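Enquirer: To start, I am sharing the structure in question, which I have written as structure tokens.
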Amino acid sequence: VLEPTDVVVAHGTIAAVGAPGTVAVPKGALVVDGRGKTLLPGLVDAHLHTQVTGAPPWYVVLPNPEHVLQEALYAGVTTAHDMGGPLDDVIALKRRVAAGDVIGPRLLVAGPLLQPPNGYPASYISRVLPALAPLFRAEFTRPVASAAECGRRGDDLVPAAVRRVNS
């Protein structure tokens, strides 16, 4: 059994932790009585898609990136890794979250998928939504024909993503 502990959070960061009564609580702070409850750290979603919907392909549902991020927070996710999204769109969303314009977890960005000829995920999209396959390939994937090309494409994406995030 863990002993009761006071936790002070300031500006989204844990500022102090200690036995009850030993931690200074800032004047005017919101105090939450957590007796009988468990405080967990924020969860990490290591594979999230902000730019596509999680609905099955037979439902026509437009993606709503802001809603995806709200759902993640509601589930306790405070850091999410966007996998395979259009680089510029995901970086723009990341900036909006960081600026406080959109409520969401801290967003890490992988960028588009490197895909072998006729490989996944475009091969799947071609079968279930053939009309969207060309758009999907252009926005969400980068074709690679060999391991060497895969390395070059990855090397090209990383600096481009870093420049976009930091600019």
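Enquirer: Which whole-number value in Å² is the accessible area per residue of segment 1-146, probe 1.4 Å?
Expert: 69
Enquirer: For segment 1-139, just list the percent of Cα-Cα distances falling in each 10 Å bin from zero outward, please.
Expert: Over segment 1-139, the share of Cα pairs per 10 Å bin runs 10, 31, 26, 16, 10, 6, 0 percent.
Enquirer: Can you tell me which of Ala122, Ala55, Ala46 moves the most in a GNM of the chain? Springs connect C-alpha atoms under 10 Å apart.
Expert: Looking only at Ala122, Ala55, Ala46, the biggest GNM fluctuation is shown by Ala55.
Enquirer: Right, another one. Expressed as a whole percentage, what fraction of the accessible surface of segment 18-160 belongs to carbon and sulfur atoms when a 1.4 Å probe is rolled over the protein heavy atoms?
Expert: It is 62 percent, rounded to a whole number.
Enquirer: Shifting gears a bit: For segment 54-155, state which chymotrypsin sites (Phe, Trp or Tyr not before Pro) are in a DSSP loop and have at most 13 other beta carbons lying within 10 Å of their beta carbon. Mind dumping the intermediate values first?
Expert: On the way: sites: Trp58, Tyr59, Tyr74, Tyr124, Phe136, Phe140; in loops: Trp58, Tyr59.
Passing sites in segment 54-155 are Trp58, Tyr59.
Enquirer: A follow-up question, please. Rg and Dmax in Å for segment 80-134, alpha carbons only: what are they?
Expert: For segment 80-134, the Cα-based Rg and Dmax read 14.1, 40 Å.
Enquirer: Could the peptides 37-44, 126-133 be put in order, highest first, of the mean number of other beta-carbon atoms found within 10 Å of their residues?
Expert: Top of the packing list down: 126-133, 37-44.
Enquirer: If I ignore ligands, DNA and RNA and count only protein heavy atoms, how much of Ile14 is accessible to a 1.4 Å probe, in Å² to the nearest 10?
Expert: Counting only protein heavy atoms, the figure is 110 Å².
Enquirer: In debye to the nearest 20, how big a dipole does the chain give about its Cα centre with +1 on each Lys and Arg Cβ and -1 on each Asp and Glu Cβ? Provide the component values of the computation, followed by the final result.
Expert: On the way: 14 positive and 14 negative charges, 42 e Å.
Computed charge dipole of the chain: roughly 200 debye.
The values are calculated or read from the model by the stated rules, or taken from the named source; none is laboratory data. Note that the structure is predicted; figures quoted are calculated from it, not measured. Neighbour counts run over all protein chains shown; Cβ positions are idealised from the backbone, glycine included. These accessible areas exclude ligands, DNA and RNA; they are computed on the full protein's heavy atoms, side chains included. Shrake-Rupley method; radii C 1.70, N 1.55, O 1.52, S 1.80 Å.
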